[in-house]
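To keep things clear, I will list the structure first and then write my remarks on it.
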Amino acid sequence: MNNKTVIVTGGSSGIGHSIVGRLAEEGHEVCFTYCSSGRAAHELNRCHPNALPLQVDFLKPASFDAFLNKLTTLPVPDTIINNFGVNHDSLFLNQSLDDFFTTFDQNFRVPVAITKMLLNGMIERRGGNIIYITSVAASHTKIGNSAYGTSKASLERFAKSLALEVARFGIKVNCIAPGFVDTPLLNRYLESSHLDKKTLLKNTPFRKLLIPDDIANIVMSLINGTLNTTGSVISVGNGENIQ
């Protein structure tokens with residue numbers, strides 16, 4: 001497999017950490033974002049010098065704008081992996097509109113803006129790979145998950161439209177929609193929902209959680225071409241993802 005340049009958002013923990021590690025181990029040049037977990041990000045860089053950490057706070061417009069400007073100074077990536085996301089479950093009745101749209105903006109506006117910034121370079125090069133990490137929440141509705149689920153569903157719909165637009169330029173666009181993955185984000189979800197992993201496993205048909213490497217494996221298959229598709233939402237889970 002030829003070495004590629006890859007940008008990964010949210011690369012210092014969970015799914016993103018696993019993706020960055022796999023990419024770096026295989027010799028790719030990786031640029032990944034982090035916000036507050038600087039120690040984990042720089043440890044990842046220490047282990048993999050070809051994985052460059054960039055700090056950005058997507059909630060702060062000035063920080064996000066500086067990151068977008070930084071992207072213009074980097075080589076056009078072969079692959080963009082939009083992994084960053086937040087999940088602040090709350091009943092819509094109890095949630096302020098500011099909180100609702102903050103969640104939506106971070107999960108939808110951020111990856112769309114990054115795509116927009118880098119897309120022309122991919123088009124000029126006539127090739128590329130864009131991957132969005134979405135969620136089972138895009139298709140499985142539950143109480144208190146309106147902002148997160150809506151943002152991920154919107155991202156999947158956007159990805160499908162984009163796939164149609166850029167296929168003629170040799171650019172593939174896909175989503176990976178995991179179910180329950182054993183990550184810090186899942187732990188925060190369990191805390192906010194007053195659940196524990198034992199209860200979650202009991203309600204998961206296969207009685208098992210995904211791990212970040214499961215998602216990284218699919219990412220690598222899309223990058224190396226063993227999984228050759230575009231405009232797809234790849235649902236992954238242990239039964240909780242079955243519609």
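Values in this text are rule-based calculations from the coordinates and carry no lab data. This one's a predicted model, so the numbers in the text were calculated from it and none came from an experiment. Cβ placement follows ideal geometry from the backbone for every residue including glycine, while neighbour counts extend to all protein chains displayed.
Worth a mention:
- In plain terms, the chain from Leu190 to Leu91 could stretch by 34.1 nm, reckoned as 0.36 nm per residue minus the Cα-Cα distance.
- For the range 113-158, the Kirkwood hydrodynamic radius from C-alpha pairs, put into Stokes-Einstein at 37 °C and a viscosity of 0.692 mPa s, yields a diffusion coefficient of 269 µm² per second.
- Rounded to two decimals, the Cα-based Rg/Rh of the range 124-194, with Kirkwood Rh, is 1.10.
- Taking a ≥ b ≥ c as the square roots of the eigenvalues of the alpha carbon gyration tensor, the range 40-90 is oblate, as a/c is not under 1.5 and a/b does not beat b/c.
- Computed over neighbours whose Cβ is under 12 Å from that of Leu71, the net charge equals +1, Lys and Arg +1, Asp and Glu -1.
- In Å, descending, principal axis extents of the Cα set of the range 122-243: 49, 28, 24
- Projecting label points 7 angstrom from Cα along Cα→Cβ for Ala62 and Asp98 puts them 1.9 nm apart.
- Anisotropy class of the chain from Cα gyration tensor, a/c 1.5 cut: rounded
- Theoretical ellipticity at 222 nm over the chain - DSSP helices of four or more residues, -39500 (n - 2.57) apiece, nearest 500: -13500 deg cm²/dmol
- Tilt relative to the chain, helix 110-125 - C-alpha long axis, 0 to 90 degrees, to 10: 30 degrees
- Other residues with beta-carbon under 14 Å from the beta-carbon of Phe58 carry, at +1 per Lys or Arg and -1 per Asp or Glu, a net charge of 0.
- Straight-line cross-link partners of Lys208 among the lysines, defined as a Cα under 29 Å from its Cα and at least 8 positions apart when in the same chain: Lys142, Lys152, Lys197, Lys198.
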